[in-house]
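Report on the structure given below.
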Amino acid sequence: VAYAIVTGTVATGAWVVAHECGHGAFSDNRRLQDAVGYALHSALLVPYFSWQRSHAIHHANTNHLEEGETHVPAVAGDPKGDGGLIAKSKIGELPWTVLNSIIVLLFGWPAYLIAGASGGPVRGATNHFWPWAGEQGRHSLFPGGWKKKVLMSDVGVFAVIGLLAYWAYAAGSIMPALALYVGPYLVTNAWLVGYTWLQHTD
């Protein structure tokens, strides 16, 4: 557990470097910047170009209740909003807060990448690995040439997954990969979700 916490925290620093690459703030050399961002994000199972695009949309629509890309609050009358309110009323505020925090910190990031969780309603259920998911009209998350970039991003992520699978095969057990990669990976994701959650809520 201590290894996962320390290594996952250090890997969060790599995530931040990749974030700066996605913003165009890492280097004046775009090829170097994209190469570093692609390698780091792929190692952390994040599709680099997909995230680069969705993150730019997020910044362009921060706090917009319909067009926001992430951290859009659920509202009463919406199934997500009503579901949370019902759960909180049934189990109590403190248990709901603890349960919701665990769910969001452990599964929030993959849920966002795979199903657009916490995104605004105009794009529907987006997917950072499949550019044809969600709205394909005016509010398409990956219009035009971005679809090809999403697929390029998939190559990096699936290459890392393949390496992890080979590692488990060569070791004769999945346990080394779980202990040395998945544990820190979950800590990195918890940091990512935790600090962005704090930035986007009051």
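Just a few scattered comments:
- Any hit, the range 119-128, residues being basic (Lys, Arg), within 21 Å of Pro47 (Cβ to Cβ) and in contact with a Pro (Cβ under 9 Å, 6 or more places away or on another chain): no
- Lone qualifier among Leu105, Leu113 - being modelled with pLDDT under 90, surrounded by 15 or more Cβ atoms within 10 Å (Cβ to Cβ) and under 22 Å from Thr9 (Cβ atoms): Leu105
- Any hit, the range 81-101, residues being open to solvent by 30 Å² or more (accessible area, probe 1.4 Å) and either in a loop (DSSP other than H, G, I, E, B) or touching a residue at least 60 places away in the same chain (Cβ under 8 Å) (or both): no
- Test for Glu67: is it among the charged types (D, E, K, R), open to solvent by 30 Å² or more (accessible area, probe 1.4 Å) and under 20 Å from the mean Cα position of the chain (by Cα): yes
- Residue list for the range 102-114, restricted to those being free of Cβ contacts under 8 Å to residues at least 60 places away in the same chain and among the small types (Gly, Ala, Ser): Ala111
- Subset of the range 10-32 [part of a loop (DSSP other than H, G, I, E, B) and in contact with an Asp or Glu (Cβ under 8 Å, 6 or more places away or on another chain)]: Phe26
- Screening His139 against (1) more than 27 Å from Thr188 (Cα to Cα); (2) not in a loop (DSSP other than H, G, I, E, B) leaves a single unmet condition, (2).
- Yes/no for Leu164 being touching a Phe, Trp or Tyr at 6+ places or on another chain (Cβ under 8 Å), open to solvent by less than 50 Å² (accessible area, probe 1.4 Å) and assigned to a helix (DSSP H, G or I): yes
- Residues considered: Ala76, Ala35. Of these, the only one that is assigned to a loop (DSSP other than H, G, I, E, B) and without any contact (Cβ under 8 Å) to a residue 12 or more places away in the chain is Ala76.
- Pick from the range 169-195, criterion more than 16 Å from Ala11 (Cα to Cα) and in a helix (DSSP H, G or I), ranking: most open to solvent (accessible area, probe 1.4 Å): Tyr169
- Unmet criterion (only one of (1) open to solvent by 40 Å² or more (accessible area, probe 1.4 Å); (2) part of a helix (DSSP H, G or I); (3) of a type outside the set (A, V, I, L, M, F, W, C)) for Asp154: (1)
- Screening Phe129 with (1) under 16 Å from the mean Cα position of the chain (by Cα); (2) among the aromatic types (Phe, Trp, Tyr); (3) in a helix (DSSP H, G or I) gives one miss only, at (3).
- Verdict on Gly37 being open to solvent by less than 70 Å² (accessible area, probe 1.4 Å) and more than 24 Å from Leu151 (Cβ to Cβ): no
- Residues in the range 37-59 that are of a type in the set (A, V, I, L, M, F, W, C) and in contact with an Asp or Glu (Cβ under 9 Å, 6 or more places away or on another chain): Phe49, Ala56, Ile57.
The values are calculated or read from the model by the stated rules, or taken from the named source; none is laboratory data. Keep in mind the model is a prediction, meaning the values are calculated, not measured. When we count neighbours, we look across all protein chains shown, and the Cβ atoms used for this are built from the backbone with ideal geometry, even at glycine. Side chains included, ligands, DNA and RNA excluded: accessible areas come from the protein's heavy atoms. Shrake-Rupley method; radii C 1.70, N 1.55, O 1.52, S 1.80 Å.
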